[in-house]
Every structure is written in C-alpha cells, then in structure tokens.
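The values are calculated or read from the model by the stated rules, or taken from the named source; none is laboratory data. Quick caveat, the model's predicted, so the values are computed rather than measured. All Cβ positions, even for glycine, are placed from backbone atoms using ideal geometry, and neighbour counts span all protein chains on display.
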Amino acid sequence: MSWFTDRHFFLLAVVLYGLSTVYSVFLWRKGFRRDDHVNYFIILAGVALHTLAMTKRGLTFHSCPVNNLYEATTFLLWALGLACLVYSLLPRFKFLCAFTAPVLFTVGIFALMPSLDPPHGPKPDFSNWLRSLHAATILQSYGAFGLAAAAAGMFLMQQHDLKFHKLRAMLSLLPSIQRLELITLRLVLVGFVLFTIGLVTGEQLPRPEGKPYLSDPKVIWSALLWLVYLELIVARMFFGRSTRRFTIGVVIAFAFLLLTFGITNYYSGLHHQ
Amino acid sequence: MSVVVIGLSHRTSPVELRERFAFAESKIPSALQALRESGIAGEAVILSTCNRVEIYAATELEPSKAFDGLKQFLVASSHEVGSLRCDDRTAQRDVPTFGEEIYALAEPQSLHHLFKVASGLDSMVLGETEILGQIKDAYALAHQHKHTGARLNKLFQRAFNVAKHIRTHTNIQRGSVSVASVAVELADKIFTSLAGREVLVIGAGETGEKVARALLSRGAKSIIVANRSFERAQTLAAELKGRAIPFDDWSGEFDKIDIAISSTAAPHHILDRPKLEPLMKSRRQRPLLLIDIAVPRDIDPAVNALENVYLYNIDDLQSIAADYLKQRTEEITRCEQIIFEKARPFLESRENQPQMRHGPAAVRGLDASEQLPAS
C-alpha cells in the first residue's frame, strides 16, 4: 500500500465532494424539500478521508501539514468541511452541506494541481508550535468565512424566494432567514477572531534574512481582508446595514479570498519558500 | 375471517344525513356488543366523526350477507342511538331510503379504504391528520371493551403504520391549506421563533382575527388591535388577551411589532412606501411581515421592495394554500401505490389467521392473547 499516498486519500475525498456537489444540485432542483441525510454522510466520508490524508502527510514530515500551497489549501478545506459537519447538526441546517460541497469540490480540484505541491525544501529554523498556531488559526478562519458564505448563500436564496412569493420558500426545509443571518454573523465573528489571532501570531514569527514583513504581498492581502471583514461586522452590528447587503458582502469577501489566496501565496516571500 | 366496512362519509352524504347515523362515544361499546351478539361480526370497530360514520367488521359471513346485516344494524342504530355529535336538530326526523349514500366494501377495498382514511386521503381537507387520532380513539375504545381480536388488531396497527409511513415519505401532509396557517408558516420562515413576537392587527375583521389567533397559538407574545371602532378593538383585544389602541395610533407601534395583519375597509392604501420607510429605519431594519387581507388592499405593493419587508396579500396566501393543495393532490397516486403495497402482505397472511369465534355464544370479550396494545 506504500504507493497509496496521502494525495490519493485526498483525491478520494475530492471525488466524494464532487459526488456531494452533484447530489446538492439534485437537492436544489427538488427545492431542498427532503432532508435525507445522504449529503451529510457523503461529506462525512469525504472529511474522514481528508483527515486521513492530512494525518498521513503530517506524520511523514513530522509537522503540521501547511508547508506549501497544496497543504495550506487542503487544511483550509478540511477546516471548512469539519465546520460544515458540526453546524449541520443544528436543526434544519443539514442543507448547509449542499452549499459547502461545491466549494470543497472546486477548491479541492485546484489543490490537486501538481505544481502546488512541490517537494519540501529545508525547513525554516523557527519555533514550530507558533508557526503551526499561526497557520492553523488562519486556515480555520478561512473555513469559518467559507461556512459563513455558505450560510449567507442560503439566506439570499431563501430571502429571494420569500420576497417574490415563490412556493419553494415554503416547501424547503431551510432555516428561517433570521436564523440564517444570525449564524452568518456568528461565523464571521468567529472567523474574524481566529484571523486576528493568526495575524498577531504571524507577526511574532521570526522572519528569514532579507524578507520584509509589511511589504510582503500576503501580509498586505491579509491586512486588506481583515479590514474588509472588520467593515462588514461594524457596518452590520453598529450602523444597521441591511441583512441582504451584509450577506452579499460575506459571499463576495469569501469569493475574493478564494480567488486570490493562491496568487498571493505564490508571490509571498514569507510563505513561498 | 375477512374484513368489511360499511358507512357513509362527507363524500357520499350531506351532514343532515350523516348526523342521523352518528354514534355518541358513550353508546359505542353497547353498539359493538349488540353487533357482535347479532352474529354479523366477530370483531368490530365503529368510527364516528362529523365527516364519517363507519363500521369495520371482521366476519365469517359472505360479504353480501354481512353487508345486509350491517346495513340493517346501522339503520336500526340510527333510530335507537339518536345522540349526535355535530348538530342534533334533525335527529328525530325519519331516516330516508338509501341509494349511493351508504358504501359497503369487502377485501381488498376495505383494507385500502381504512389505510386511505387513516392517511387523510379520504378527508375533506386532503391529508389532514386529525382523522388518524380519531381512528386511534375509535380503535382504542373497541379494544378496551374487547371487541377487537387478532384480525382487526393487526389491521389497525398496520393502518397506523401506513399513515405514519405516508406522512414521512410523501408530501400529502406538507404545507398549510388555510389562509391563517399559511400566514403562520410564513412567519416561521422569517423569524427564528414566534415566541416573543408582537403582532399588530389593523382592522378587527374575521380573517384577521383568525390569523392573529393562529399566531398566538404558535407562541406569539401579544396582540395589539387597532380598529376604527375602538369598542370593537377593545372586545377583540380582550378576547385575544392583547391591548387595543386608537386607530390613528397604529403606526406608532411599528417600532415594537414584527408582524402586521391589515384588514380594514379603507378604500385606499393606509400604508405606503413613503410612510413605511422612516418606520423601518427606526426599527433598525428588523424583518417585518405584512399580511394584507383587505380588499381593496390596505398596503401599497411597492413596500415589498423595501429591505426586510415581506408583504403578502390575500391572493398570495390563497395561492400558496392552493399550491399546497395541488401538491397534495398530485401525491394521491403515490400514496395509493404505497397503500396497495402495504395491504398486500396483510391479505396474503389472511389464510394463516386463527379462526375467530363469532355469534352470540362467543360474544363475551376476546381472549387476552388476541389483544394488542392500542397505541
């Protein structure tokens, strides 16, 4: 079985995420009427294989598997999948998996590109636990932001259906829009706290010679992302921004994160070593 | 021993006729005893509701003979029992001759019929669930007085299982088919919970009152009533344990409320976008469900374009109720398929059933071994 690497486990996980995406389309076409747990168990199996892949990789290199873009992306997806499974246990939130599966699948395909997983070079000589904490909190915050975007997507669909008097709004087993908004806000807050911790710990890490911190593309990008989420939170909580605008903002912010994460990582002198 | 059913329902007869055949609950045990003593049935259950009167009997007789006996019994009971549930004004009138009003079904149709009735497929409101409770009560009563045995026990237990299966696996009971319950369902889709929600009723009309009552029954915190006649507002508010306010003050309540039901007789819109916009700002954009059941409409449809405002008029609510009903109707074939499948093993097992004693000598109550729990 030595030929069966962690990447193979991850590939199987992505196949399951793809299966879940197909099933999600079916659920969407059916108007999210039947809560039959199938999607939940597909994602559960996918996350189990995903965990196996990450554990195998971590054990191979004796460190938290966040050393290149492939590992960072799989960690992000793992956090997202795990959070999805936990939140899906809430009443009427089983369909969160249907909104999360497409993200897990598409980003999973992206992560499987061989160029994202080059052989590991010499390890940087700095405190491993702090780096692990930095990477874990940052990537978990992305997971929370991703899940918030999924909940926001559910909100926008349900709100649109209610506004335009679509029968689907009545027939679907989605949560009430007020509950969806609350969950979205809470997830953004959790993500924001984790992201802030991640940035603070990142600033504490020793930097290699000649690698500037503040002018690093990833640091600038992270600061920008932090400001975007801060604005979303402040505008919603203290200035009465409408729920619709808030949720659209959450979806756009995460789309921006997904689309630019790989690029900034690639050009970052601190992260791309 | 085969199972037959005889009876009349809202489909075959008007209420004036049904009520003459209705059995008072207190009279059912003695009626069942008489039925078994007559030798027509070895086991029997009488289901008597406002919409149907039916006798389910397990009998050794040929179905045609059993039907004659049961029909005579039913007609005779209508003269003797005479205590009615729905309206007894016409109770003492003579029972007319019958044509299609009384139906009589033998196996397998009798089994299919019971399963359909238990699943709400034969109800006036398609898919309603109240009938299942009524069947359970009727069965429990017969069971308690030992008028059921192996055959009917098994049949009724299966009927309850079939009803549960159909409720779980089809959309026959999904959705609301009345304006008031659609409004409640809408509120459920918007708010985390109805508990603690304040409801404003503008205009003390009948439908508005029904909607308000439905919301209260689902946990709404309180009702505020505004009506042109303050006296009428006070009366309704007292009935709903809410409070009345002068009609011109209703907009001042928008800060507090979550749901507004409007049903005034005003010839023009009493709430429009320019009026609602500042009110929404002061509400800090909390969701607001507006239910306009007035004709002509009280609320300008343009307000639905405002953020966090969900406006439904009477047509919208009725259209949702009609869609639900249509959806339920579309499920009938599927439900019937399930019923046929579930009835088949029961019919196949008939040959293996123990022979039941019947006739006057055997009517002392069935053996304990033949009794099943009435759940």
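Computed quantities for the displayed model
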read-out	value
Qualifying residue in the range B:238-254 (condition: within 14 Å of chain A (Cβ to nearest Cβ) and touching a residue at least 12 places away in the same chain (Cβ under 8 Å))	no
Scope the range B:312-322; condition surrounded by fewer than 17 Cβ atoms within 10 Å (Cβ to Cβ) and in contact (Cβ under 8 Å) with a residue 40 or more places away in the chain; matching residues	B:ILE314, B:GLN318
The range A:227-246, subset part of a helix (DSSP H, G or I), within 11 Å of chain B (Cβ to nearest Cβ) and among the aromatic types (Phe, Trp, Tyr), residue surrounded by the fewest Cβ atoms within 10 Å (Cβ to Cβ)	A:PHE238
Subset of the range B:161-204 [more than 14 Å from chain A (Cβ to nearest Cβ), more than 19 Å from the chain's Cα centre (by Cα) and buried (at least 20 other Cβ atoms within 10 Å of the Cβ)]	B:VAL199, B:LEU200, B:VAL201, B:ILE202, B:GLY203, B:ALA204
From A:ALA151, A:ALA79, A:ALA136, residue being within 14 Å of the chain's Cα centre (by Cα) and within 14 Å of another protein chain (Cβ to nearest Cβ)	A:ALA151
Hits in the range B:223-240 - residues which are of a type in the set (Lys, Arg) and under 17 Å from B:ALA260 (Cα atoms)	B:ARG228
Checklist (1) part of a loop (DSSP other than H, G, I, E, B); (2) more than 25 Å from B:GLU185 (Cα to Cα); (3) at pLDDT below 85 applied to B:LYS281, failing item	(1)
Qualifying residue in the range A:203-226 (condition: in contact with a Leu (Cβ under 8 Å, 6 or more places away or on another chain) and hydroxyl-bearing (Ser, Thr, Tyr))	yes
Residue in the range A:67-76 that is outside any helix (DSSP H, G or I) and either over 17 Å from A:LEU259 (Cα atoms) or not basic (Lys, Arg) (or both) present	yes
Positions within the range A:18-32 being assigned to a helix (DSSP H, G or I), within 13 Å of A:SER172 (Cα to Cα) and either among the basic types (Lys, Arg) or under 20 Å from the mean Cα position of the chain (by Cα) (or both), in sequence order	A:ARG29
Residues of the range B:292-337 that turn out to be assigned to a helix (DSSP H, G or I) and within 14 Å of chain A (Cβ to nearest Cβ), as a count	22
